[in-house]
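Novice: Quick one: structure below, then a few questions.
The values are calculated or read from the model by the stated rules, or taken from the named source; none is laboratory data. Quick caveat: nothing in here was measured; it's all calculated off a predicted structure. Glycine also receives a Cβ, built like all others from the backbone with ideal geometry; neighbour counts cover every protein chain displayed.
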Amino acid sequence: MRAELKVRHRFNFRILVFYAATLLFFSILLAHMVDMQLFKHDQYLLQSDRNRINVVPVLPERGVITDVEGRGLALNRVAYQVLMIPERVEHVQQTLQQLAAMLEWSDQKIDALVRRIGRSRPDRPVLLADKLQWPQVSPLAARLHHFPGIDVQASTYRYYPYGRLTSHLIGYISLATPKDLEQGYLANEFVGRAGVERAFEARLHGTPGSQQEEVDVHGRRVAVLKRTPPQMGENIRLSLDIDLQQAASEALGERTGAVVVMDVHTGKLLVLLSKPGYDTNRFITGLEYARWSAWLEDPRKPLVNRTIQAAYPPASTFKLLTSLAALRNHIPLATGKAYCPGYLSLADRKLRCWRRQGHGHVSMHDAIVQSCDVYFYELGDQLGMPGLGDEAQRWGFGQKTGIVLSPEVRGNIPGITTPPRKRWRRGITMISSIGQGAVTATPLQVARFAAAIANGGTLFEPEVDADAASRIVRRIEVDDMQLKRIRQAMHDVTATPKGTAYYRMRGLPWSVAGKTGTAQVVAMAQGDNRARVPEYDLHKDHAWFMGYAPFENPQIAFAVFVEHGGHGGSAAGPVAAAVIRALAEKQAAKQAERAP
Amino acid sequence: MMNVLRGMDKILLLALAGLAALGMATLYAAVYQGEISLWYKQGVIWGGGLLLMLGICFVPLRFFGLISWPMYLLALLLLLAIPLLGEVHMGARRWLNLGLFYMQPSELMKWALTFLLAHWFASREANNWFNLGVATALTVLPAALIVIQPDLGTTLVLMFSATAMLIAAGLRWRVFAAAVALAVAMVPVLWHYMHDYQKQRVLTFLDPQSDPLGAGYHVIQSTIAIGSGGLFGKGYLQGTQARLHFLPEQHTDFIFSVLAEEGGLLAVTLLFALYSVLIFRMIAIASTASSRFGSMLCIGIASIFILYITVNVGMVSGLLPVVGVPLPFISYGGSALITMLAALGLVLRVGIESSGRIPWQRPGSPLA
């Protein structure tokens with residue numbers, strides 16, 4: 001009986017132990033829960049948010065580029081994409097057939113899409129069609145609810161309305177490369193690659209925004225929680241006048257060359273044309289390799305921006321510089337006369353004037369108007385190479401103009417861009433005096449030179465942004481009387497019958513001061529097997545015409561260069577005339593508008 | 001009939017009703033986005049299980065004592081048959097194909113051993129070496145067969161409930177302490193014989209971040225769910241971890257994290273309170289049982305419940321390694337719920353028989 005009681009007692013005690021043990025187990029669990037849900041709650045909440053919230057960048061819209069009057073040169077066009085999330089489509093093949101009927105796809109396209117879908121992740125959107133316009137997608141968009149897993153999305157792409165007319169100036173954009181990604185670009189962003197698109201990349205690009213999306217465990221978007229809108233890129237208004245650019249382009253026609261027109265008071269560029277151009281839209285829609293290599297192999301080199309990226313002998317346009325140098329250095333011949341028999345003998349060589357029969361006795365004024373070579377051979381000979389090189393440097397030759405576009409070349413001035421010599425061979429100095437031989441300059445440098453003559457010696461950094469302040473490289477110290485002599489001579493080039501550009505400049509509403517140039521091309525070896533291109537005769541000279549207008553009250557300076565165009569006055573003159581006429585008529589029309 | 005119904009423990013039934021409501025509500029949150037049919041299925045199973053529980057309340061306890069030996073031997077036989085006829089699922093050979101359905105003999109053994117130990121100690125004390133030795137042999141034999149399947153979870157349940165019953169039966173603390181020391185010493189040996197996936201589970205448990213996308217993924221996601229629930233939870237059906245499918249197995253073994261995420265600490269406390277009431281009542285019924293067999297049975301069953309709850313909550317909250325154990329009355333799963341309701345029926349029957357309402361059990365009754 002006692003033993004039984006003992007067992008009973010022990011059992012009752014053990015029951016208490018069980019109660020206590022149960023309590024202990026639940027206390028431990030509860031304490032752990034308190035620790036997790038109260039003390040470490042914030043940390044876990046952060047993790048749960050990180051799990052479900054995906055921050056997706058929202059790309060900014062790129063700034064628009066317009067000409068000075070606001071006409072679009074680089075725009076963003078809305079286009080539509082058709083996307084498919086394969087796992088949400090029940091019958092892929094059948095759906096594709098239905099879409100093909102609406103979007104006019106070929107059977108090959110369907111096959112290609114089937115293959116692409118087969119290769120893609122079933123839970124990620126596959127691009128079926130891109131760059132569609134609204135009329136094309138609207139039938140599908142209206143019936144989208146019949147097509148689960150198919151989506152139509154709007155996107156923008158870059159569009160260059162003027163294509164090849166503005167190709168070198170505006171440039172183009174392309175998808176970010178791995179190098180760009182290191183710079184902080186996002187994978188599907190576009191980056192300016194050439195021209196203004198490249199030079200103003202930072203301003204045009206804008207700032208990406210972001211979107212907080214709630215995603216499920218498979219990364220699919222369930223909801224948009226928060227959106228920080230992107231900041232659109234800055235719109236840029238260029239100083240370019242597309243009417244003038246168009247006039248210049250039409251006047252050049254199929255010929256190869258460059259036209260630069262600069263505001264003489266601000267250094268802003270109104271025309272910056274290089275021909276042939278290339279259609280920059282091709283870069284956006286996806287450039288085929290064949291097209292790209294055709295551009296590369298074209299002997300006219302359409303990808304080269306001839307206004308800044310290539311330097312040519314400035315030829316007789318450089319005689320203005322030789323004149324300025326001689327006047328400044330008080331060379332006796334500058335105020336005297338030389339006799340031109342049609343050639344100049346130098347040791348056993350004969351340096352020819354372009355006019356075989358010669359110009360007779362010529363002053364500097366006559367020599368500029370008629371472009372006598374012999375006068376300038378002698379003038380340069382008396383001046384010497386260092387004096388000529390120094391003057392060239394003062395007026396901005398042999399150095400980059402500092403324009404924002406790239407790549408820019410600086411041209412060549414012997415002794416400045418090449419090592420100076422103690423003694424220059426006289427022949428080199430003479431040839432350089434008429435802008436031939438080793439002397440080269442870009443059309444932009446020549447146009448800026450003309451502008452500086454017109455505005456009294458202010459050398460501008462050429463500017464394409466209409467709303468930027470003008471930047472002056474330097475004010476060239478030049479005697480006013482000396483400058484007047486040069487200007488008068490330039491005027492008479494176009495205004496007197498003896499002038500080399502007289503016949504081409506007649507009948508213009510404005511009087512023009514100018515100078516022709518005809519750069520001799522080193523005779524080509526016979527049997528040159530480079531592809532023959534119409535309007536591009538490799539044996540013809542390069543033609544130049546530079547100057548400013550109106551003569552009395554200068555507004556614009558210009559340089560026209562026609563590669564293998566022939567004689568300066570006849571080949572390049574009419575192009576300048578066309579631009580000047582277009583501008584003058586435009587201003588007249590505006591005035592007429594304002595008058596009544 | 002009325003006597004049986006009146007004799008049922010009301011508090012225990014109330015706790016069960018609470019658990020049923022909480023369980024069904026949580027299960028809905030876990031499956032409402034997907035396989036909502038599971039929720040209806042679980043409702044039907046609840047109905048069937050409750051009927052079974054009620055039925056068991058009418059079966060005299062003696063019956064279970066009588067069948068304990070045959071049941072144990074049958075379970076042992078089936079366990080022995082497994083290495084020969086068993087089918088492999090997920091790397092473990094646990095299942096027997098009985099033609100109509102698959103069964104896990106280890107599940108049967110769990111209850112058979114509980115019955116048998118209760119029966120064995122109904123008239124014996126665990127304070128002599130013979131009684132203790134037989135009980136230990138009866139436990140270790142099936143435990144060894146189950147651990148090689150391998151099924152660590154069920155082995156643990158077996159050992160744990162056997163230990164609880166031995167303590168109830170008067171096991172000396174000295175012996176208990178020695179056995180625990182021996183078990184700890186056995187850990188390295190056990191490690192050696194563990195399968196790779198089991199070792200992986202233990203290692204992942206020790207450092208879940210070591211394999212965040214693999215084995216550790218489940219635990220990381222469920223702890224994030226629990227912790228991010230906070231005091232009040234994210235709101236019913238508002239749990240982001242659950243709604244966005246970051247939680248694995250969210251309607252079965254990991255359902256606790258759905259409850260903790262959406263209901264917060266408040267819901268967790270409510271769940272623990274309901275469980276505590278349930279277990280306390282079981283122990284209370286054990287303490288007032290009119291037979292030692294009934295007491296032993298209640299202790300065994302209560303210990304199984306405690307272990308299930310602790311192991312499940314511990315594993316989803318990163319406190320214990322991942323062992324596939326359901327959360328009683330909350331997890332989706334037909335056989336587990338039916339078994340647990342049946343076990344609860346047994347406990348209720350013990351209470352009924354000690355309530356003095358049944359004529360043949362009254363003191364002085366010829367049937368006593």
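Novice: Taking the condition of being within 20 Å of A:Asp492 (Cβ to Cβ) and surrounded by fewer than 24 Cβ atoms within 10 Å (Cβ to Cβ), how many residues in the range A:556-583 meet it?
Specialist: 3
Novice: For the range B:224-242, enumerate the residues that are touching a residue at least 40 places away in the same chain (Cβ under 8 Å) and either surrounded by fewer than 22 Cβ atoms within 10 Å (Cβ to Cβ) or within 23 Å of B:Leu337 (Cα to Cα) (or both).
Specialist: B:Tyr236, B:Leu237, B:Ala242
Novice: Among what's in the range B:259-272 and is of a type in the set (A, V, I, L, M) and within 9 Å of chain A (Cβ to nearest Cβ), pick the residue that is surrounded by the fewest Cβ atoms within 10 Å (Cβ to Cβ).
Specialist: That would be B:Leu265.
Novice: Residue check, A:Ile236 against (1) on the phi < 0 side of the Ramachandran plot; (2) modelled with pLDDT under 85, all met but one. Which one?
Specialist: If we test A:Ile236 against (1) on the phi < 0 side of the Ramachandran plot; (2) modelled with pLDDT under 85, just (2) comes out false.
Novice: A:Ala290 versus (1) modelled with pLDDT of 95 or more; (2) over 14 Å from the mean Cα position of the chain (by Cα); (3) not charged (D, E, K, R): which is the lone unmet condition?
Specialist: Single failed check for A:Ala290: (1).
Novice: Going residue by residue through the range B:240-248, is there one that turns out to be within 9 Å of another protein chain (Cβ to nearest Cβ), aromatic (Phe, Trp, Tyr) and out of contact with any Pro (no Cβ under 9 Å at 6 or more places or on another chain)?
Specialist: yes
Conditions tested, residue by residue: (1) exposed (fewer than 14 other Cβ atoms within 10 Å of the Cβ); (2) under 28 Å from A:Lys301 (Cβ atoms); (3) under 23 Å from the mean Cα position of the chain (by Cα).
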residue: A:Pro125; (1), (2), (3): no, no, no
residue: A:Gln133; (1), (2), (3): yes, no, no
residue: A:Gln136; (1), (2), (3): no, no, no
residue: A:Leu181; (1), (2), (3): yes, no, yes
residue: A:Tyr185; (1), (2), (3): no, no, yes
residue: A:Ala194; (1), (2), (3): no, yes, yes
residue: A:Glu201; (1), (2), (3): no, yes, yes
residue: A:Leu204; (1), (2), (3): no, yes, yes
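Novice: Would you pick out the residues in the range A:13-42 that are in a helix (DSSP H, G or I), facing chain B (nearest Cβ under 7 Å) and of a type outside the set (A, V, I, L, M)?
Specialist: Answer for the range A:13-42, where residues must be in a helix (DSSP H, G or I), facing chain B (nearest Cβ under 7 Å) and of a type outside the set (A, V, I, L, M): A:Arg14, A:Phe18, A:Tyr19, A:Thr22, A:Phe25, A:Phe26, A:His32, A:Gln37, A:His41.
Novice: In the range B:307-336, which residue that is free of Cβ contacts under 8 Å to residues at least 60 places away in the same chain and among the small types (Gly, Ala, Ser) is farthest from the other protein chains (Cβ to nearest Cβ)?
Specialist: B:Ala336
Novice: If A:Ala79 satisfies all but one of (1) more than 9 Å from chain B (Cβ to nearest Cβ); (2) small (Gly, Ala, Ser); (3) over 30 Å from A:Ala141 (Cα atoms), what's the number of the condition it fails?
Specialist: Here A:Ala79 clears every test but (3).
Novice: Same structure, new question: Assuming B:Ile299 fulfils every condition listed in (1) on the phi < 0 side of the Ramachandran plot; (2) touching a Leu at 6+ places or on another chain (Cβ under 8 Å); (3) within 13 Å of chain A (Cβ to nearest Cβ) apart from one, which condition is it?
Specialist: So B:Ile299 meets the others, but not (2).
Novice: Still on this model: Checking B:Leu274 against (1) within 18 Å of the chain's Cα centre (by Cα); (2) in a loop (DSSP other than H, G, I, E, B): exactly one of these is not met. Which one?
Specialist: Exception for B:Leu274: condition (2).
Novice: Taking A:Glu90 as meeting all but one of (1) more than 9 Å from chain B (Cβ to nearest Cβ); (2) loosely packed, with under 14 Cβ neighbours inside 10 Å; (3) not in a loop (DSSP other than H, G, I, E, B), write down the number of the exception.
Specialist: Tallying (1) more than 9 Å from chain B (Cβ to nearest Cβ); (2) loosely packed, with under 14 Cβ neighbours inside 10 Å; (3) not in a loop (DSSP other than H, G, I, E, B), A:Glu90 fails exactly one: (3).
Novice: Which of the residues belonging to the range A:58-86 are surrounded by 16 or more Cβ atoms within 10 Å (Cβ to Cβ), β-branched (Val, Ile, Thr) and outside any loop (DSSP other than H, G, I, E, B)?
Specialist: Those that are surrounded by 16 or more Cβ atoms within 10 Å (Cβ to Cβ), β-branched (Val, Ile, Thr) and outside any loop (DSSP other than H, G, I, E, B): A:Ile65, A:Thr66, A:Val82.
Novice: Take the range B:322-336 and flag every residue that is surrounded by fewer than 23 Cβ atoms within 10 Å (Cβ to Cβ) and either assigned to a helix (DSSP H, G or I) or among the small types (Gly, Ala, Ser) (or both).
Specialist: Matches in the range B:322-336: B:Gly324, B:Gly333, B:Gly334, B:Ser335, B:Ala336.
Novice: For a quick check of your reading of the model, give me the residue pairs whose first member lies in the range A:575-594 and is farther than 15 Å from A:Val560 by Cα, whose second is surrounded by fewer than 17 Cβ atoms within 10 Å (Cβ to Cβ), with beta-carbon atoms closer than 6 Å and at least 6 apart or on different chains.
Specialist: Once the first residue is farther than 15 Å from A:Val560 by Cα and sits in the range A:575-594, its partners that are surrounded by fewer than 17 Cβ atoms within 10 Å (Cβ to Cβ) give A:Ala584/A:Pro509.
Novice: Another one. Could you list, in sequence order, all residues of the range A:334-374 that are under 16 Å from A:Thr429 (Cβ atoms), in contact with a His (Cβ under 8 Å, 6 or more places away or on another chain) and in contact (Cβ under 8 Å) with a residue 40 or more places away in the chain?
Specialist: A:Ala338
Novice: Turning to a different aspect of this structure: Got a number for residues in the range B:219-239 being assigned to a helix (DSSP H, G or I) and within 9 Å of another protein chain (Cβ to nearest Cβ)?
Specialist: 9
Novice: Here is a list of conditions, (1) touching a Pro at 6+ places or on another chain (Cβ under 8 Å); (2) outside any helix (DSSP H, G or I), and A:His330 meets all of them except one; can you say which number that is?
Specialist: (1)
Novice: With respect to A:Val55, determine if the residue is in contact (Cβ under 8 Å) with a residue 24 or more places away in the chain, more than 9 Å from chain B (Cβ to nearest Cβ), crowded, with 16+ Cβ neighbours inside 10 Å and not polar (S, T, N, Q).
Specialist: Judged against the criteria, A:Val55 is not a match.
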